[in-house]
Amino acid sequence: MNKKFLLISLLSFFLLLFSASAVYAQADEAVAVNVYFFWGDGCPHCAEEEPFLQSLEEKYPSITIVDYEVWYNEENQKILAEFGRVMNFEPTGVPVTIIADKVWIGFREEYKADMENAILSELQNPSGFDAGLQISSTPEQSAGNQTSSKTITLPIFGKVDLEKQSLIISTAIIGFVDGFNPCSLWVLSVLLALTIQSGSRKKIMIVGLTYLLVTAIVYGLFITGVFTLLSYIGYLKWIQIIVAVIAIVFGLINLKDYFWYKKGLSFTISDKHKPNLYKNMRSTVVNPRTIMGLIGSSAALAVGVSFIEFSCTAGFPVIWSNLIATNQVSVVSYLLLLGLYMLIYLLDELAVFGVAVMTMQASRVEEKHGRVLKLISGTIMLALGVVMAIKPAWMNELGTSLVVFLVAIAITVLVYLIHQKILPKFGIYIGNDSAHQKKKKKYRRRRSQDEE
């Protein structure tokens with residue numbers, strides 16, 4: 001009797017244990033949570049979030065991190081777009097993290113607590129929502145590690161995405177146009193003209209190179225500051241809209257300066273600053289100094305001029321920084337792109353400096369030159385602002401980004417021809433251009449003579 005009772009008790013115990021295990025297994029299966037993580041290879045914010053997600057996976061064994069690399073994998077880009085469609089959000093950058101019905105774009109310190117709370121909420125009170133289950137064809141997770149067919153591997157440079165060459169093209173063109181800054185060119189031409197009077201080619205080399213180097217460093221630091229700010233908040237849609245508005249406003253003011261130079265709001269060096277600038281430049285190059293003293297005074301002059309010039313040239317750095325921050329490039333890629341920007345930015349000034357050293361002559365940048373430069377920069381800046389407001393993705397593709405710049409250049413040429421060549425033939429003069437004013441007076445005088 002006792003043996004039978006003991007056998008029945010043991011059998012009941014194992015059945016109870018098996019039932020409990022089945023219940024717990026079902027419970028664990030019921031509260032399994034998928035965390036979808038969309039990242040880019042080389043994205044610093046993604047690299048920062050990845051160890052945090054791994055720590056959550058170790059802390060909560062019921063969660064699964066499902067990750068997709070989207071910068072180099074077209075299929076994963078489609079998956080991200082599908083998640084955006086299902087959950088009604090626009091993927092404006094990476095990383096993108098999805099837990100149940102909650103989405104985080106980008107990664108900040110305060111997001112950590114929100115993500116963990118979302119996981120705890122799903123584990124304790126499952127909502128049953130999983131966007132991944134609503135997507136018809138979800139590729140295997142290993143697809144995130146595949147490389148796009150449009151990515152090639154080069155010696156030294158490593159992986160190069162042919163689709164992302166638009167960043168290089170955009171950087172080169174924006175840096176080139178930004179370099180034709182009438183404020184900076186005017187200061188450099190005056191400084192060289194004053195230095196040439198000393199008759200010393202060595203002095204010209206010291207003053208010119210110091211001035212260019214220091215202004216480049218200050219300008220690079222300014223751009224880095226703008227980039228750092230936008231890389232932190234640049235994935236927010238309203239930030240992109242603000243940047244687009246800034247670009248449009250700067251473009252319109254530059255276009256206004258082409259027709260009505262220095263009338264009303266103008267991004268030029270104010271006439272009230274010019275006497276002090278002349279005084280400081282003359283003091284730098286005329287007063288006898290040692291080589292170190294000449295370098296120090298030239299550097300001090302360059303720093304002061306740089307702060308005055310920021311209002312002339314702030315538009316393009318904001319546009320470029322937003323473009324780079326939106327793509328969330330790696331630190332190394334950013335430094336290389338910034339180096340390319342600054343090198344091309346300095347090309348025109350290096351050319352002016354080189355001519356001055358070789359010929360011991362310097363040409364002044366006059367108002368008519370400044371007007372043309374304002375027309376070029378204003379049109380391109382306006383075009384970039386409109387594109388950023390309507391379809392910023394165009395700047396991420398090589399073909400469309402080139403089309404944007406070519407259209408802007410074509411409009412620039414058309415406006416110049418109409419304003420300078422066609423309208424004057426009909427006696428129509430727009431703006432306060434001194435040359436136009438002379439032609440206008442001549443046209444009126446000839447017309448009055450014909451009437452007499």
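Some points to look at:
- Counting residues in region 222-244 that are farther than 30 Å from SER330 by Cβ and either modelled with pLDDT under 85 or over 17 Å from the mean Cα position of the chain (by Cα) (or both) gives zero.
- Inspection of region 376-397 finds no residue satisfying the criterion of being in a helix (DSSP H, G or I), among the aromatic types (Phe, Trp, Tyr) and at pLDDT 85 or above.
- Qualifying residue in region 323-331 (condition: modelled with pLDDT of 85 or more and touching a helix residue (DSSP H, G or I) at 6+ places or on another chain (Cβ under 7 Å)): no
- Restricting ILE65, ILE79, ILE105 to those that are farther than 17 Å from GLU48 by Cβ, at pLDDT 85 or above and among the aliphatic types (A, V, I, L, M) reduces the list to ILE79.
- VAL357 outside the structural domain of PRO91 (by TED's automatic domain parsing) and either in contact with a strand residue (DSSP E or B) (Cβ under 6 Å, 6 or more places away or on another chain) or surrounded by fewer than 21 Cβ atoms within 10 Å (Cβ to Cβ) (or both): yes
- Matching residues, region 50-107, being polar (S, T, N, Q) and surrounded by 15 or more Cβ atoms within 10 Å (Cβ to Cβ): SER62, ASN73, ASN76, GLN77, THR92, THR97
The values are calculated or read from the model by the stated rules, or taken from the named source; none is laboratory data. Keep in mind that what you see is a predicted model, and the values were worked out from it rather than measured. Virtual Cβ from ideal backbone geometry, glycine too; neighbours counted across all protein chains shown.
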